[in-house]
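I have placed the structure first, in the form of structure tokens, so that the comments after it can refer back to it.
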Amino acid sequence: MERLVRQGYVNDAMFAQRFAEQRVTGQKKGSRLVRQELMQRGVDKREIDEAIKGLDEEVERNSALALAMKRWPAVKGKSERERQMKLMNMLLRRGFPGAAAREAVRKASASAAEAEEWDAPEEPFEEDTLD
């Protein structure tokens, strides 16, 4: 086993970094959930901390936003506020930090409202008749 570690075949730090990046970008999970998954896999706390620290906050915010935009149309609720809270809770369960989740919910909600505004039927168009 020592020989494998020396030759770089077993490298928990590299595994933790790649695992964290893949989970955040590919599976749209937040850093808190990734930390928990790495702990469950038995990775050393120091290596987990380094992997999480190495994540780009912008990438995590973009992942939260992409997930929020995808899920917003399916979120049910009696009011806009209830829908926002449900989406916020889902993002928090996925391990995203509160600030990233709030920003994603705000943008997804605003984007949907803007799209609805564009889709709203216009008043009938009346052509001017020239006599």
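The values are calculated or read from the model by the stated rules, or taken from the named source; none is laboratory data. If you're wondering where the values come from, they're calculated on a predicted model, not measured in any experiment. We place every Cβ from the backbone using ideal geometry, glycine too, and count neighbours over all the protein chains shown.
Observations on the structure shown:
- The stretch 9-43, residues that are in contact with an Asp or Glu (Cβ under 6 Å, 6 or more places away or on another chain) and assigned to a loop (DSSP other than H, G, I, E, B): V43
- The listed residue being in contact with a helix residue (DSSP H, G or I) (Cβ under 8 Å, 6 or more places away or on another chain) and part of a helix (DSSP H, G or I), out of L67, L55: L67
- Only one of the numbered conditions (1) among the small types (G, A, S); (2) surrounded by fewer than 18 Cβ atoms within 10 Å (Cβ to Cβ); (3) not in a helix (DSSP H, G or I) is violated by A99, and that is (3).
- Residues in the stretch 71-83 that are in a helix (DSSP H, G or I) and touching a helix residue (DSSP H, G or I) at 6+ places or on another chain (Cβ under 9 Å): 5 in all.
- Test: residue in the stretch 60-74 that is of a type in the set (D, E) and over 24 Å from A112 (Cβ atoms): no
- Selection status of V34, modelled with pLDDT of 95 or more, of a type in the set (A, V, I, L, M, F, W, C) and not assigned by TED's automatic domain parsing to the domain that holds A101: yes
- Pairs, first over 11 Å from A20 (Cα atoms) in the stretch 33-45, second of a type in the set (K, R), C-beta under 9 Å, six or more apart: M39/K45
- In the stretch 27-42, the residues that are surrounded by fewer than 19 Cβ atoms within 10 Å (Cβ to Cβ) and hydrophobic (A, V, I, L, M, F, W, C): L33, M39
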